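Take a look at the structure below.
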Amino acid sequence: MRSYTSSSSGRVTSGSGLSLSTLSTLFLSFSSLSAGFACDDVVAGGQHFHLEKLGGPFKVHWLQEPDLVHQDQFNYTFTLDLCNKLQRDKGVPKDEWCHPGARVCGIRETIDLSGKNNRTINPIDIAGTYAMGAGRSIDAQFSLLRNSKSHSDASREGVRAELHGGRFPFDETKKNGLDQMAIIEFVCDKERTGLGKGEKDDKEKEDDKDDDKDGDKDGDKEEKDVPSRLGRRADDQCEDSDADLRFCGYREEDIKKDQTAAVLRLEWRTKYACEDAEDDSVSSHWGFFTWFIIILFMATAAYLIFGSWLNYNRYGARGWDLLPHGDTIRDLPYIFKDWARRVAGAVSGPGSRGGYSAV
């Protein structure tokens, strides 16, 4: 794959010695940060959704119908991480994985039905922020399902996410490249967490720290020309599966006037897409210490109430005498004062010696 180079014949430098390309890279990096989103507080139509529980790499699969004309078949594996950039599985070569910064990555395996050729792997960058490469941004956009123009979505509760930034082939200089994007519909289902009956990717990951530093070199890796046709479902329905995360389609669509893109559509059924969903991050702060204080307080209150009731009915006690160990409780200020005096005396030391001095 050819790397992108500037058409300018000379190199312009600033007074501090920084090249124009370096300044552009820094600008794109800062711009990408502003274009990102926090999955723990997604805002759509004035509603706040806390989707951090859905973070982590998840996979969905789709085996396209065989193409008898070309004698091949596409097997897709789509991996997405809503909250962080994806990392390569350990042992996976770089040329079989998406570029650094990807949030949604498609791996297309081409199966030769004739058996004459080996299987080929093509990574497809669908969505992400690629600051060190072409400077493409995820440009995440969120909207409520009930505000959709589609009549079928009017009765549905949830949020739609549109994630951009991908391209295949990734090289901007290739004219046959096609923009990619992902549309994920988070549908309210109070009986589902969104984490069940799906495939979560728990494989060991490669350390991709060097990939961020050398992200511009990824453009130099060879990217073979492959057929541009996309898999298409026979209808517009999602797959017949009880999984929380379901595949709904991957096809070329008109997204704007005179602009097309390959769109991956997913449906994610989860209670976190409900508008009245509670924020689990608040309840998670109720740890052991908090519960210990609450139980201790309730036990003390129960002891005092029961003891007062017993003293009243058995001895006809009134006032301070109602409380169990009332004398001790009444003397607590004096006990504490005496204890504080002893501590202060121990800290300050014995002081100067009094009495007779030795002869």
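The values are calculated or read from the model by the stated rules, or taken from the named source; none is laboratory data. Quantities reported herein were computed from a predicted structural model and do not represent experimental measurements. Backbone-built Cβ (ideal geometry, glycine too); neighbour counts: all protein chains shown. When the accessible area is computed, the model is the full protein with side chains, heavy atoms only, and any ligands, DNA or RNA have been set aside. Shrake-Rupley method; radii C 1.70, N 1.55, O 1.52, S 1.80 Å.
If R0 is 45 Å, the Cβ-Cβ spacing of Glu191 and Ala302 corresponds to a FRET efficiency of close to 0.75. Net length available on complete extension from Tyr315 to Ser152 is 51.3 nm, with 0.36 nm assigned per residue and the Cα-Cα distance removed.
Using a probe radius of 1.4 Å on heavy atoms only, what accessible surface per residue do you get for the stretch 289-346? Whole Å² is fine.
On the way: 5050 Å² over 58 residues.
For the stretch 289-346, the per-residue accessible area is 87 Å².
For the residues Thr193, Thr77, Thr270, a 1.4 Å probe over the protein chains yields an accessible-area ranking, largest first, of Thr193, Thr77, Thr270.
Could you calculate the FRET efficiency of Arg342 with Thr290 from 1/(1 + (r/R0)^6), where r is the beta carbon distance between them and R0 is 30 Å, rounded to 0.05? Numbers along the way, then the final one.
Numbers: r = 33 Å, r/R0 = 1.11.
It comes out at approximately 0.35.
Separation of the alpha carbons by more than 28 angstrom is noted, of Lys59/Lys257; Lys149/Lys257; Lys53/Lys174, for Lys59/Lys257; Lys53/Lys174. Taking packing as the residue-averaged number of other Cβ atoms within 10 angstrom, the listed peptides 87-100, 329-342 run from highest to lowest as 87-100, 329-342.
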